[in-house]
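Participant: Starting off with a structure, shown below.
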Amino acid sequence: MAWTDQMVEDLKRMWEEGLTTGEIGKRLGVSKNSIVGKVHRLQLSGRPSPIKKKNAPAEENTTPKAAKAEKPAPQINKPKEEKAPAKEEEVVVEVSAPISVPEPKIQVKPSGKTMLTDLDNHTCRWPIGDPKDENFHFCGRKVKIGQTYCEEHANIAYVKPGKK
């Protein structure tokens with residue numbers, strides 16, 4: 001939409017008259033947001049928000065701010081109460097020897113099958129068999145740091161794309 005010189009003059013006049021952006025938009029045949037944007041670009045003077053505060057009584061809106069100001073009540077210096085110094089409490093902290101936790105080792109069931117509960121960051125998680133089957137288990141071999149599978153299963157899982 002192109003703003004004509006006549007539209008800009010009408011906008012300025014209606015803005016000074018105090019019409020709302022919605023009313024100006026209706027009269028000029030443009031959206032309220034177009035009016036807001038144009039007013040901003042033209043740097044026309046701001047106006048107070050048309051939205052009234054719900055909690056403000058009508059009398060307060062008509063009273064000038066200077067008349068509302070009251071003198072603050074004089075402050076009376078009361079003598080400070082003296083407090084007894086706080087007693088220091090003795091704190092006893094018991095220190096015990098650090099507990100040594102053995103590093104987890106791969107627990108392979110007597111059947112030689114690694115179960116889900118046996119997996120950790122150092123065991124191959126390659127599934128073997130059908131999860132619904134009683135004999136389902138995981139590879140359980142040692143993996144390289146940061147890997148999920150042992151070398152053999154990593155070669156199967158991660159295949160580099162060949163040239164086409």
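Participant: For the list (1) under 40 Å from the mean Cα position of the chain (by Cα); (2) surrounded by 11 or more Cβ atoms within 10 Å (Cβ to Cβ), I need the number of the one condition that Ile145 fails.
Facilitator: (2)
Participant: Using beta carbons and a limit of 6 Å, which pairs, at least six apart or on different chains, have the first residue in the range 19-30 and more than 16 Å from Pro48 (Cα to Cα) and the second one assigned to a helix (DSSP H, G or I) and open to solvent by less than 30 Å² (accessible area, probe 1.4 Å)?
Facilitator: Taking only residues 6 or more apart or on different chains, the pairs are Ile24/Met14; Ile24/Ile35; Gly25/Ile35.
Participant: Val95 passes all but one of (1) at pLDDT 85 or above; (2) in a loop (DSSP other than H, G, I, E, B); which number fails?
Facilitator: All conditions pass for Val95, except number (1).
Participant: Are there any pairs, at least 6 apart or on different chains, whose C-beta atoms fall under 9 Å, with the first in the range 130-151 and farther than 13 Å from Met115 by Cα and the second among the acidic types (Asp, Glu) and not in a loop (DSSP other than H, G, I, E, B), and if so, which?
Facilitator: Going by the 9 Å Cβ cut-off, the qualifying pairs are Val143/Glu151; Lys144/Glu151.
The values are calculated or read from the model by the stated rules, or taken from the named source; none is laboratory data. Note that the coordinates shown come from a computational prediction; the quantities given were computed from them, not determined experimentally. Every residue, glycine as well, gets a Cβ built from its backbone with ideal geometry; the counts of neighbours run over all protein chains shown. Heads up: the accessible areas ignore ligands, DNA and RNA and are worked out on the full protein's heavy atoms, side chains in. Shrake-Rupley method; radii C 1.70, N 1.55, O 1.52, S 1.80 Å.
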